[in-house]
Structures are given as C-alpha cells and as structure tokens.
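Here is the structure we will look at, set down as structure tokens.
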Amino acid sequence: MNKKEAKERIENLRKQLEYHAKKYYDEDKPEISDFEYDMMMVELRNLEKQYPEYKSENSLTQKVGGHIKEGFEKVTHEVPLQSLQDVFSIEEVNEYIEKIEEKAKENKIENKTYVVETKIDGLSAALEYKQGKFIRGATRGNGLVGEDVTQNLKTIKTIPMELKEKIDITVRGEVFISKKNFEKMNKEREEKEEELFANARNAAAGSLRQLDSKITAKRPLDIYIFNVQKIEGKTFNSHFEELEYLAKLGFNVNPVRIPCNNAEEVEKAIKKIGEEREKLTFDIDGAVVKIDDLKFREILGTTSKTPRWAIAYKYPPERKETKLKDIICQVGRTGVITPMAILEPVKVAGSTISKTTLHNEDFIKEKDLKIGDTVVIQKAGDVIPEIVEVKKNKRMGKEQDFEMPKVCPVCGAEAIREEGEAAIRCTGIECPAKLFRNLVHFASREAMNIDGLGEAIIKQLLDKGLIKNMADIYSLTLEEVASLKKNGQKFAQNLIDSINKSKENDLYRLITAFGIRHVGTKAAKILAKRYKTMEKLMQVTSEELTMIEDIGPIASNSIREFFLQDQTIDLIKRLKQAGVNMNYIETEEENNADNRFQGKIFVLTGSLEKYTRGEASDIIEKFGGKTSSSVSKKTDYVLAGEEAGSKLTKAQNLGVKIISEQEFEELIK
C-alpha cells in the first residue's frame, strides 16, 4: 500500500467508524457486530501507527465515540470516563504485561499484582453522592461530558439512594439488562410485532437514555459498580480494596473480580471467564485486566482516550456451520408473516440453536438462501442467533428455492406486501393468529369502548371457546360471562350492558375497531362522515379514496383490500345481524358547528397538563381544525407542553406560532 492509498483508506475507515459509532453510541441501533467494528478500529490504529503523518485528534482512535443526546442536560465529569485499549489475543495480553513488568522494575514497584474482571456489555455511568446521598448520575458521553440521567437512574432498584456511610464519592458502573430479562423483553416485543433489540447492551443504553423516565422505569435495568472515580477523606492502596469497600457501602459491585500475581494467572483468569461466560446472568464482551496497585496506576498515567493501567481482552464471536433443513412461515399477532429457518441443531456460544428468524423475503434474497444450504450461524451480540453466511461452494444441486406465500398459511386470506415495506401481511380480520390482538383492539377505548372487556377477560373467553371472532362478543350470555369469575353476576351484568351500549356507537368507532392498516381514529372519522353508511364505504374504489384529503394511496389500497376480503364481508353481516350500528350519527355539535379553526393546522408536542394529546386533537377537530404529526411552513400553531422536543425547535426556526396550554384554552373558550 503506497502513501496515497494509505491516506484514502484511513479517511474511509474514519468515516465508516464515525457512522457506526453514531449508530452504536447515540442511536443504540448498531448495523454491524462489535467484532466487525473492532477489526476496523484495529486496522485504523495500525495504519495511523505506520503513517503517523496522517494522525488526527478527531480520529476515533484518539477519542471516545459518544455524543450528547438532545434533550438532556450536560454534565462535565470531574474525572474523565475513559474507554479501554482493546486487545484480541493472549499474545497481546502477555506483551502488555511484559511492558508493565519493565515499568514496575524501573519505578521499583514491588506490588505487581493484577485484577481480572468481566467487561460487562452495557452503558457506562457515573454516580455522585454527597454525604452518602445520591445527588446526580450521568452517562459517559464523550468521556469528558455526559448526559444527566439522574431521574432515569433512580428507577434502577440496585442503585442505593443512601449509602451506609456519610461520604462524598463518585463511582463508575455499567448499566445493563440481564440475559433472562432481555429474552423476556424481546419475546414481548416479538409478540407485539415490534422491532427486536439487537442485543442487551443496546436495549440497556436505549432505556437509560429515554427522555421520559416513566419509560425507563418499565425496563428491567440493573447496574454493577466497578471503579471509584473520586472520594473525599479516604485513601486506598489497591483497586481490590476499593471494590471491597464499595460493596460494604451498599453498591452492587461487579461480582467477577479475580486477583492475579503474574501473566500465567492472568491468562488462566481470562480463559476461565471465557469458559464460564454462558453461565453468567449478564452479557459480557470481554475481560478487563487492571493493575491493582493504585500508586503504580498514577505512575503509569493515561493517554487522551485510555488509561495505561488497564486493557480489555475481547473474545472472538463463535460461529458454527449447520444445514438449513427447511423454511416455514409464522404469522404474528399483527398479521406479519415471518419466514423461520429450521436448522440441524448446533451448539453456538453455549446454547443449542435449531431455528432462527429470516426476517423477511428481502433477507432471503440478499443472502441467496436455499433450502438444503450449508449455512454459518452466529449469535448477534451473543444473544440472537442469525445466519451470517451461505457456503455456496458446498451446494450439491439439490437445494430448493423458497418463495413467500401468496396467502396466509393460517387462515388462507390474501397475503400482501405494501409498497415501501419489507413485511408481508395476512389481510384476514378473523385470522386465528391475529385474533387475540384484534379483539383487544376492537374492545379498546378508542374503538368500540367496551368497558370491562380487557386482555385478561378476552383471553379467558378464547380459552373457554366462548368467542371465536368479533361478532361472537354480541352473542355472549349473562351466564357465560358470570362463569369467568367467582360470584361474577354483577361483573357479568356490567359487561353485558357495556357490550349492548357499544351497539349504538357511531360508525367511525366500528371502522376504527376493525384495525385496518393505516386507518386510525382520524381517518375513520373522515370516512364515516363522508360515506355515512358501512354499505356505501364497502363499495368505494381505491381511486375515489385517494382523492380524499388525509387519505393517501397506501391507506386507500389498504381500505379497499380490507373490504374485498370474504372474512370482512361475513363479519360485517354478522355484526349487522347482532344489531351493531352501521350508520354515521350526526352530533349536536355538528348541527351547531363552530368552525373557528377551519383551515388551521396544529402540531402537538410535549406533555399537556389538562389534556391527553387525543383529547386536545378531538377539540381541535371539533372546531374544524386539523392536527399533523410534523412541523412545516404550512403549520399554523404548535401547541407546546412540558418537555417539548425537536418539534418546538423546528417551529422556532420556521417562525411558526407557538402557543402554551393556557393560550390554547383561551382559543377554545
């Protein structure tokens, strides 16, 4: 490689690393594995060493990768939260220890012991205590300046709010989510057809960096403390002594800390952690080797980015070959049809893998997967199994192509892929795979508003075979409902009354209750008001729907496809027979319409004190106005509550009128 090529490669690596660091540190959505990122960093570090004239202070080899997220207060760390120098072989560990031994000899240091700890895969944070009371917590950020996440950290049960001694101390720890809790979280997200977290680290980081601490409180965050950053009125001789003291204060200290006397013992400790990592309750991405003697640490010092008294050994990701025996399709609760790989069982990173998701048809085409292929399996983030490679050179000619189904494998309804989406969905409203979720939505407050018909009751009704579709709700008897609860007569009567009351709902509620893709309450109201009856709506063409303001081409196609399905036609027929209203009901307000907001567009941002966003939107629409989810030059008002974010900033930049909740109330008097 000549100098010109080296310069180009260095610049290219820096750009790639900046991009992936932003995805990892700032967005908590990595696109490549830690190992791939580390290998690019190693290549860049080696090139900068070989060509020092191209070194730069802005290179990620010289600084920490994180940035401050908009919306958080900045915290300047009194003691920088540095990152560690990574090594990838035992040879590099031994080289490091040789240099340390030489330094110890030069400085006549007798205590040359080490501590080997697990490198917990999470998000680093500093916790400050005054007189033993927790006063502030911050993320690492760029190492010098972090984000104030005090309120979010207070939701973590293992962080003591008051220590066992009245002492001023700042400690550093790693916020993480345990393996068990992470798997539970992802399972719940999978059931809801939500995007899965790539790994526990990103789940923890994303949870801690939520602007709303109520969201953080719902996430199962934990923390292990691994360092004293600063302490008043107390001194220690060794790092191990520090950790013992932290545990006595009440901190949840990193449980894996192995004292070692020499290179041989350090190597054994690293191997032991590697062998035992699957038994740990938390994820790790390496082992940390630290100098134990604190005075020796001071002599060794630090670089601008890393301490010289510690290194991180990174374990390589484990990969295994196996056979792709079959591809089957599963239907999720929202109707998404997901291809699943059925594999010859193979043990990877301590667990047996026999199947894994193939995400969607684009993934299958991109990998050029065929049934019968030999494939390479890896655990992404050591948690989620994935196919990373196809061994095309091992094909025998008997491998079979796979095509996604044109109809739902569960109910036989048409399966479609909408423009701009990777997912293929079942369109059947009565598909058994979707039934529970559809019923919950049908009975919800924004839809048919059947008070008392919540998730638990719906599950019982399904388990007992009392309902098999939405129309069956209206056939339930008092005795059937009462059988769900001990002494359930009063509950049953209330629920039956609520079911009967829902028959009188306006047409828009029924349209909302169907859960048509891309059709929310706002669109349902527009459709109900325009077509007046369910019968007329069922006959409308997608071309005509497209012409309606606020009903785009994607929603138009979705509406038309929904009403063409046999399952939909049959359901509407049965609901009509049950006495459910199929007509638009003109309200008293419409008869005496006050269109003071006619032609005005509102955007809502932040938390309002007196109204939910839905309630505020209803008021705006009642007065003839419209609401939008994004700010533009066409926006007339931005209604800003507490903790208003980027929409408020954009409104200020565009000169859009910003009103408070009090000013909004003046407008609607």
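The values are calculated or read from the model by the stated rules, or taken from the named source; none is laboratory data. Because the structure is predicted, anything quoted here is derived from the model rather than measured. Counting neighbours? That spans all protein chains shown, and the Cβs are built from the backbone with ideal geometry, glycine included.
With respect to the stated conditions, residue 322 fails to be within 28 Å of the chain's Cα centre (by Cα), β-branched (Val, Ile, Thr) and under 28 Å from residue 274 (Cα atoms). Condition (residue is surrounded by 14 or more Cβ atoms within 10 Å (Cβ to Cβ), basic (Lys, Arg), closer than 17 Å to residue 334 by Cβ and free of Cβ contacts under 8 Å to residues at least 60 places away in the same chain) applied to segment 418-435: is it met by at least one residue? No, segment 418-435 contains no residue that is surrounded by 14 or more Cβ atoms within 10 Å (Cβ to Cβ), basic (Lys, Arg), closer than 17 Å to residue 334 by Cβ and free of Cβ contacts under 8 Å to residues at least 60 places away in the same chain. Number of residues in segment 48-59 that are farther than 25 Å from residue 285 by Cα and surrounded by 15 or more Cβ atoms within 10 Å (Cβ to Cβ) equals 3. Of all residues in segment 152-177, those that are in a loop (DSSP other than H, G, I, E, B) have Cβ atoms under 8 Å from Cβ atoms of residues that are β-branched (Val, Ile, Thr), 6 or more apart or on another chain, in 155/216; 156/175; 156/223; 158/223; 159/223; 163/169; 167/231; 168/231.
Here residue 108 clears all of (1) surrounded by 15 or more Cβ atoms within 10 Å (Cβ to Cβ); (2) in a loop (DSSP other than H, G, I, E, B) except the condition numbered (1). Scanning segment 530-558 for residues that are among the acidic types (Asp, Glu) and over 22 Å from residue 575 (Cβ atoms) yields 543, 544, 549, 550. Being among the hydrophobic types (A, V, I, L, M, F, W, C) and assigned by TED's automatic domain parsing to the domain that holds residue 516 is a description that applies to residue 571.
Of all residues in segment 436-457, those that are of a type in the set (A, V, I, L, M, F, W, C) and crowded, with 20+ Cβ neighbours inside 10 Å total 7.
For segment 60-80, filtered to residues that are at pLDDT 90 or above and touching a Leu at 6+ places or on another chain (Cβ under 8 Å), the residue that is nearest to residue 272 (Cα to Cα) is 80. Entry remark, segment 595-637: residues being farther than 14 Å from residue 522 by Cα and acidic (Asp, Glu) number 2 in total. Of all residues in segment 616-651, exactly one satisfies the criterion of being in a helix (DSSP H, G or I) and surrounded by fewer than 13 Cβ atoms within 10 Å (Cβ to Cβ), namely 646. Remark: residue 122 matches the filter, which requires a residue to be in contact with a Phe, Trp or Tyr (Cβ under 6 Å, 6 or more places away or on another chain), in contact (Cβ under 8 Å) with a residue 12 or more places away in the chain and crowded, with 19+ Cβ neighbours inside 10 Å. When each of 168, 222, 148 is tested for being farther than 16 Å from residue 125 by Cβ, in contact with a Gly (Cβ under 9 Å, 6 or more places away or on another chain) and either at pLDDT 90 or above or surrounded by 14 or more Cβ atoms within 10 Å (Cβ to Cβ) (or both), the lone residue that passes is 168. Of the residues examined, residue 458 is not one that is within 22 Å of residue 504 (Cα to Cα) and either touching a Ser or Thr at 6+ places or on another chain (Cβ under 9 Å) or touching a residue at least 60 places away in the same chain (Cβ under 8 Å) (or both).
Filtering segment 376-401 to residues that are modelled with pLDDT of 90 or more and either surrounded by 18 or more Cβ atoms within 10 Å (Cβ to Cβ) or charged (D, E, K, R) (or both) leaves 377, 387, 389, 390, 391, 392, 394, 395, 398, 399, 401. Within segment 243-257, residues that are closer than 18 Å to residue 130 by Cβ sit with their Cβ atoms under 9 Å from residues that are surrounded by 21 or more Cβ atoms within 10 Å (Cβ to Cβ) and of a type in the set (Ser, Thr, Tyr), at 6+ positions apart or across chains, in these pairs: 249/129.
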